[in-house]
Amino acid sequence: MTRSLSIIILLIASYLCIGWADTLVGIQGKAGEIESVAANFIQEKHLKILSKPLISRGTFYYQVPQSLRWEYTYPFQSILLIHNGNINRYIKSNDGLVKDSGAELQAMQIVLQEITLWLRGRFNDNPNFNAVLETGPKVVLTPKEKSFAAIIQRIELMLSNQPGIIETVRIYENDYSYTKFMFNNVRLNKPLEDSLFQEVR
């Protein structure tokens, strides 16, 4: 579970750092202009043993500095809420949405502290990743340490022509499996209520 939640946080942090600009330094300068993001997403899980990817759909909301709602709506419902340092996860069961009290959620506190560098567009200051801006435009993030490379081999962010929007994200776990996120209906800098990050609804 910690691995999955880490990927979600890394994904959102990467998403909010995009400005646009021609250099990573320029992206850092533009990062402060994004206060919130809301979007729908389609997730494809590609595995070597599968002829077709596993498809999931959902929505996410993010508001600086660290408020997040990441909700899967298909094929199963689950909700991750982060607000004011509190992390809660809810999973659909026969009794409705049930709070997950796993101890793994506490490990996310450490991940969030490291990711705040990305939220300010400071890709190269993150102790876990090297960042390169390539043509496309595309940002490629690769782990510096073997311990992190065991979770994520690299992350590729394909940028939209519209400032502040990423079209696709590919997270490569290894040479044979990767997760692809495609975003649509993106809304930037729209006011979001605190209750969205605190209540299951």
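The values are calculated or read from the model by the stated rules, or taken from the named source; none is laboratory data. Computed from a predicted model, the values in this text were never measured in an experiment. All Cβ positions, even for glycine, are placed from backbone atoms using ideal geometry, and neighbour counts span all protein chains on display. Protein only, heavy atoms only, side chains kept; ligands, DNA and RNA dropped before computing areas. Shrake-Rupley method; radii C 1.70, N 1.55, O 1.52, S 1.80 Å.
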In Å², nearest 10: area of L157 left accessible to a 1.4 Å probe: 0 Å²
In sequence order, calculated HN-Hα J values of region 59-72 (Karplus, 6.51, -1.76, 1.60; Hz; x Gly/Pro): 9, 9, 9, 9, 9, 5, x, 8, 10, 9, 10, 10, 10, 8
Length released on extending from N184 to N84, taking residue separation times 0.36 nm less the Cα-Cα span: 33.3 nm
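Taking a 1.4 Å probe, which of R201, R187 shows the most accessible area, and what order do the others take after it?
Working: R201 145, R187 65 Å².
Descending accessible area places them as R201, R187.
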Peptide ranges 34-41, 70-77, 190-197 listed from the most packed, as the mean C-beta count within 10 angstrom indicates: 34-41, 70-77, 190-197
Neighbour net charge for W70 - beta-carbon separation under 13 angstrom, K R +1, D E -1: +2
Straight-distance crosslink candidates among lysines, where the alpha carbon sits under 22 Å from K45 and sequence neighbours closer than 8 are dropped: K92, K138, K180
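At a 10 angstrom cut-off on C-beta neighbours, averaged per residue, how do the peptides 144-152, 176-184 rank from highest to lowest?
Values: 144-152: 13.2, 176-184: 16.4.
Ranking the peptides 144-152, 176-184 by packing returns 176-184, 144-152.
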